[in-house]
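The values are calculated or read from the model by the stated rules, or taken from the named source; none is laboratory data. What you see is a predicted model; the values in this text were computed from it and never measured. Here the Cβ is made from the backbone with ideal geometry for all residues, glycine too, and neighbour counts use every protein chain on show. Calculation scope for accessible area: heavy atoms of the full protein, side chains included, ligands and nucleic acids excluded. Shrake-Rupley method; radii C 1.70, N 1.55, O 1.52, S 1.80 Å.
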Amino acid sequence: QIRDIPSYKTGNRYNQLLSFVGKMINSKYPDGEFIFEQHEIESIVFQNCCDKNVKKMIEVFYNKRSY
């Protein structure tokens, strides 16, 4: 939940980033295995963004993904 993230910013860029991260977190191979691990997602996202709240967002959503 976005409310779990302190000082979470709003706006089009953050909404797009949230959508992108969500798709990466839940992406699976046809056999059901997840494609990306948390460190891989962070590596990709932090090439263009270094916001500590985004890191928290990734952690929260990664821990809530369904297996």
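May I ask you to list the residues in the stretch 32-50 that are assigned to a loop (DSSP other than H, G, I, E, B) and either open to solvent by 70 Å² or more (accessible area, probe 1.4 Å) or touching a helix residue (DSSP H, G or I) at 6+ places or on another chain (Cβ under 9 Å) (or both)?
Of everything in the stretch 32-50, those that are assigned to a loop (DSSP other than H, G, I, E, B) and either open to solvent by 70 Å² or more (accessible area, probe 1.4 Å) or touching a helix residue (DSSP H, G or I) at 6+ places or on another chain (Cβ under 9 Å) (or both) turn out to be Glu33, Ile35, Phe36, Glu37, Phe46, Gln47, Asn48, Cys49, Cys50.
Restricting the stretch 1-31 to residues that are over 14 Å from the mean Cα position of the chain (by Cα) and surrounded by 11 or more Cβ atoms within 10 Å (Cβ to Cβ), the residue that is modelled with the highest pLDDT is Lys28.
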